[in-house]
Amino acid sequence: MANEIDFESGFDELALDAGLSRRNLGQQMTDLLRRMVIEGKLRVGQRLVEQRLAEGLGISRTPVREALHRLAQEELLCKRSRGGYEVRPLTPEEVEDAEGLRAVLEAYAAERAASRCGPELRVMLERNLDEFEQALADKDEERLVALNSQFHHLLHQAADSTLLSRQLGELEVTVERISRALISNMAAGSWSCDEHRAIYMAIREGSPALAAKLAREHVAHGGTWIVARMREENLAI
C-alpha cells in the first residue's frame, strides 16, 4: 500500500536493535517510533497502521496502540481521517517559535560555558570541530547531523546547569528534526561549522558576552535559513 512502512527495508531489524522485549513494550515501541521520526526513517505524511505495525514486529496491538497514542500526544503524529496515523509536519511558524526560544537558551549555555568550560571539554569541543570539517569534506550527512548535535550537547555540559538542560530537553525532538533538515545541506553545514568554531574560540578565550552573542546569532541564522526554504520550496520537515 502506498506511503506505508516497507518492513523488508529494515524496520524489523531496527526493532531488534532497539531491544524490544515483553517488558515495557509500550515505552520501547514509543522510543523506537520517535527515533525513526527524528532520523527521517518515517517520513512526513507516511501512514502508520496499528495492526500492520504489530504484525510486522510480531507483537500484540496493545503496545503499538499505546505508542501511537503517546506520540500523537507529543504532536509527532496525527490521526488520519481514514484511519491510522501519520507523521505530522512542523509548520514554519512552529520552527520560528522553537528556534527563537532555543536561541535564548543556547546563548545562555555559551555564556556560562565561557566561564566554566574545563580542559577536558575544551579538548572534546576541538575534536568535534575537526571531525565536523572532515565530515564536510567527506560529504557525510549522517555524520554531520550527529556531530552538530554533539557540539551543542557539549556546550550544554560545559554550561553546567540542570535547569538549562531540562529546558533544552523539552525542545530536543523538535530541534533534532530541524537540525537534520538544516545540516544535511552541505552549504548550511559549512557555515554552521564556521559559526561553531567562532563560538568555541569565544569560550576558549573566556569571553561570555561574545560567546552568547555568537550562539544566539548562530541559532537565528539556522532558523531563518530553514524557514525560508520551507516557505519557498514548500518543504515539509
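The values are calculated or read from the model by the stated rules, or taken from the named source; none is laboratory data. Quick caveat: nothing in here was measured; it's all calculated off a predicted structure. All Cβ positions, glycine included, derive from the backbone under ideal geometry; neighbour counts span all protein chains shown. Only protein heavy atoms, including side chains, enter the accessible area calculation; ligands, DNA and RNA are left aside. Shrake-Rupley method; radii C 1.70, N 1.55, O 1.52, S 1.80 Å.
Between the amide H of L77 and those of A72, R88, distances stay under 5 Å, these residues lying 5 or more places away or on another chain, with hydrogens modeled in the peptide plane. With a/c under 1.5 counting as rounded, go ahead and sort region 44-134 into rounded, prolate or oblate using the C-alpha gyration tensor (a ≥ b ≥ c being the square roots of the eigenvalues; past the cut-off, prolate if a/b is larger than b/c, else oblate). Prolate shape, in that a/c is at least 1.5 and a/b is the bigger ratio. To the nearest ten degrees, helix 162-183 and the longest principal axis of the Cα atoms of the chain are 70 degrees apart. Rounded to whole numbers, the Karplus 3J(HN,Hα) couplings from phi for region 83-88 are x, x, 10, 8, 5, 7 Hz, using 6.51 cos²θ - 1.76 cosθ + 1.60 with θ = phi - 60°, and x at Gly and Pro. Of all lysines in the structure, those lying under 22 Å Cα to Cα from K139, and not within fewer than 8 positions of it along the same chain, are K41.
If you rank V104, V64, V175 by how much accessible surface each has, with a 1.4 Å probe, what is the order from largest down?
V104, V175, V64
Once the Cα atoms of helix 25-38 and of the chain are each reduced to a long axis, what angle between those two axes, in degrees from 0 to 90 to the nearest 10, is obtained? Rounded to the nearest ten degrees, it is 60. Here region 200-214 and region 74-115 have alpha carbon centers that stand 26 Å from each other. What region 122-183 shows is 49 Å² of accessible area per residue, with the surface traced by a 1.4 Å probe over protein heavy atoms. For E172 and R82, the FRET efficiency from 1/(1 + (r/R0)^6), where r spans their Cβ atoms and R0 equals 25 Å, is about 0.20.
Once you sort the root eigenvalues of the Cα gyration tensor of region 155-228 as a ≥ b ≥ c, which label holds: rounded (a/c under 1.5), prolate (a/b larger than b/c) or oblate (the other case)? In terms of gyration-tensor shape, oblate.
Can you work out the FRET efficiency for the pair T62 and E233, with r the C-beta to C-beta distance and R0 = 45 Å, to the nearest 0.05? For T62 and E233, the calculated efficiency is 0.65. The share of accessible area on region 35-85 that comes from carbon and sulfur is 43 percent, using a 1.4 angstrom probe. Relative to the dominant Cα principal axis of the chain, helix 208-233 is inclined by about 40°. An oblate overall shape is assigned to region 89-220, the ratio a/c of its alpha-carbon gyration tensor axes (a ≥ b ≥ c) being 1.5 or greater and a/b not exceeding b/c. Think of it as helices only: each DSSP H run of n ≥ 4 in the chain is worth -39500 (n - 2.57), and spread over all residues that comes to -24500 deg cm²/dmol at 222 nm. Using a Förster radius of 30 Å, what is the FRET efficiency between E205 and S165 based on their Cβ-Cβ separation? Nearest 0.05, please. Efficiency for this residue pair is about 0.75.
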